[in-house]
Amino acid sequence: MTSPPAARNQPAVTVVDVSDPTEANAGVELLDLDAVQLQSMPLRVRRVIVRLVSAAVVFHSTNLRVRTRTSVRKGHLGYVTFGRRHTGPSTVCRFDPV
């Protein structure tokens, strides 16, 4: 699978800091992501995207609890892993079929 045209014009590694949940989808060309902040405190999200030849790794970290609805764009396959400190159910992840 080759990378989409938008990904070819991006740097190999991108680090983005997000403070508004409405901006959660910005800068990720492979996913559609909606986020809802669950606590009324200032939100800090850091997203690191590593683009490889035929794959991309996206790492998110937040200072608050958030609920997300994520789907992989058509023609791509997604996998999800969670860190040791993850406390929510992992079944909330939804990926559309390829």
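The values are calculated or read from the model by the stated rules, or taken from the named source; none is laboratory data. Computed from a prediction, not measured in an experiment: that's the story for all the values here. When we count neighbours, we look across all protein chains shown, and the Cβ atoms used for this are built from the backbone with ideal geometry, even at glycine. Heavy atoms of the whole protein, side chains included, go into the accessibility calculation; ligands, DNA and RNA do not. Shrake-Rupley method; radii C 1.70, N 1.55, O 1.52, S 1.80 Å.
Considering only the range 58-85, state which residues are over 15 Å from residue 26 (Cα atoms) and open to solvent by 80 Å² or more (accessible area, probe 1.4 Å). Step through it out loud before you land on a result.
Step one: list which residues in the range 58-85 are over 15 Å from residue 26 (Cα atoms), which gives 61-67, 74-85.
Selection gives 65, 67, 74, 77, 79, 81, 82, 84, 85.
Hey, residue 8 hits all of (1) at pLDDT below 80; (2) within 22 Å of residue 81 (Cα to Cα); (3) among the charged types (D, E, K, R) but one; which does it fall short on?
For residue 8, the failing item is (2).
Suppose we filter 75, 83, 88 for residues that are in a loop (DSSP other than H, G, I, E, B), under 16 Å from the mean Cα position of the chain (by Cα) and at pLDDT below 85; which single one remains?
Only one candidate passes the filter, namely 83.
Does residue 17 satisfy the criteria of being at pLDDT 85 or above and outside any loop (DSSP other than H, G, I, E, B)? First the steps, then the outcome.
Values: at pLDDT 85 or above: yes; outside any loop (DSSP other than H, G, I, E, B): yes.
In short, yes.
Mind checking which residues of the range 20-42 are closer than 14 Å to residue 71 by Cα, of a type outside the set (A, V, I, L, M, F, W, C) and either out of contact with any Lys or Arg (no Cβ under 9 Å at 6 or more places or on another chain) or part of a loop (DSSP other than H, G, I, E, B) (or both)?
Within the range 20-42, 25, 29 qualify.
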